């Protein structure tokens, strides 16, 4: 899922940063952004219960703070609460029109909910995911994760060429995005183009992506031919 990365931009002394944020809230408890920043710091320390409380405080005081809904969705995902994750990201796009991450995260959840039990329902989920991803890309044309997830959705529909184009678009935006190369390797293997499959597989691995053993095994007989 594409969401904010807690801890990515935290100061070195996280405890001091948390203390400063708590002090700021002691003087002004109604600042949603401060509650949000405190939640991010707490998530960086893996103090998820406290972080969740602060995120709810953040949206209580700042209902349009879309990033807070996304992080709440991420916490739901940790608990394998896919419906909760979808619901919070849905609120994110309502809170801020055109919030691309929310659309992409809803699509991710829908694809996770495809379980093979009801073909019609699964097709509806994939179609809805594609619509969400296209909306996300409209609002952020450089959103590489949205393109790779769109590629996955197309593959799930059997639209291999469309899936390839989506992943190629991701590479145009970010040439060293390994997931796209891995996806392309799988797609070209399915098409029987082993040379391209090996090329993209090796590129993904060179970029640090952990290639599935099954993919390696399928490509192995076609190397050095």
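The values are calculated or read from the model by the stated rules, or taken from the named source; none is laboratory data. Remember, predicted model here, so these are calculated numbers, not experimental data. Note that we place each Cβ from the backbone using ideal geometry, even for glycine, and neighbour counts take in every protein chain shown.
Here are the numbers:
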{"quantity": "Count of residues meeting criterion [under 19 Å from the mean Cα position of the chain (by Cα) and crowded, with 23+ Cβ neighbours inside 10 Å] in the range 37-54", "calculated": "2"}
{"quantity": "Within the range 131-143, tally of residues that are without any contact (Cβ under 8 Å) to a residue 60 or more places away in the chain and in a loop (DSSP other than H, G, I, E, B)", "calculated": "3"}
{"quantity": "Residue among 126, 186, 144 that is over 17 Å from the mean Cα position of the chain (by Cα) and either at pLDDT 95 or above or at positive phi (or both)", "calculated": "186"}
{"quantity": "Those residues of the range 201-222 which are part of a loop (DSSP other than H, G, I, E, B) and loosely packed, with under 10 Cβ neighbours inside 10 Å, in sequence order", "calculated": "208, 210"}
{"quantity": "Long-range neighbours under 8 Å by Cβ, at least six apart or interchain, first residue surrounded by 24 or more Cβ atoms within 10 Å (Cβ to Cβ) within the range 146-157, second modelled with pLDDT under 95 and outside any helix (DSSP H, G or I)", "calculated": "146/2; 149/2"}
{"quantity": "Number of the exception - residue 101 against (1) under 25 Å from residue 37 (Cα atoms); (2) in contact (Cβ under 8 Å) with a residue 24 or more places away in the chain; (3) surrounded by fewer than 18 Cβ atoms within 10 Å (Cβ to Cβ)", "calculated": "(3)"}
{"quantity": "Qualifying residue in the range 69-85 (condition: surrounded by 17 or more Cβ atoms within 10 Å (Cβ to Cβ), closer than 22 Å to residue 30 by Cα and under 13 Å from the mean Cα position of the chain (by Cα))", "calculated": "yes"}
{"quantity": "Every residue from the range 11-31 that is surrounded by 14 or more Cβ atoms within 10 Å (Cβ to Cβ) and over 23 Å from residue 60 (Cβ atoms)", "calculated": "14"}
{"quantity": "Any hit, the range 150-169, residues being closer than 20 Å to residue 81 by Cα and out of contact with any strand residue (DSSP E or B) (no Cβ under 9 Å at 6 or more places or on another chain)", "calculated": "no"}
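Residue-wise test of (1) over 15 Å from the mean Cα position of the chain (by Cα); (2) more than 18 Å from residue 136 (Cα to Cα).
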site: 57; (1), (2): yes, yes
site: 65; (1), (2): yes, no
site: 89; (1), (2): no, no
site: 105; (1), (2): no, no
site: 109; (1), (2): no, no
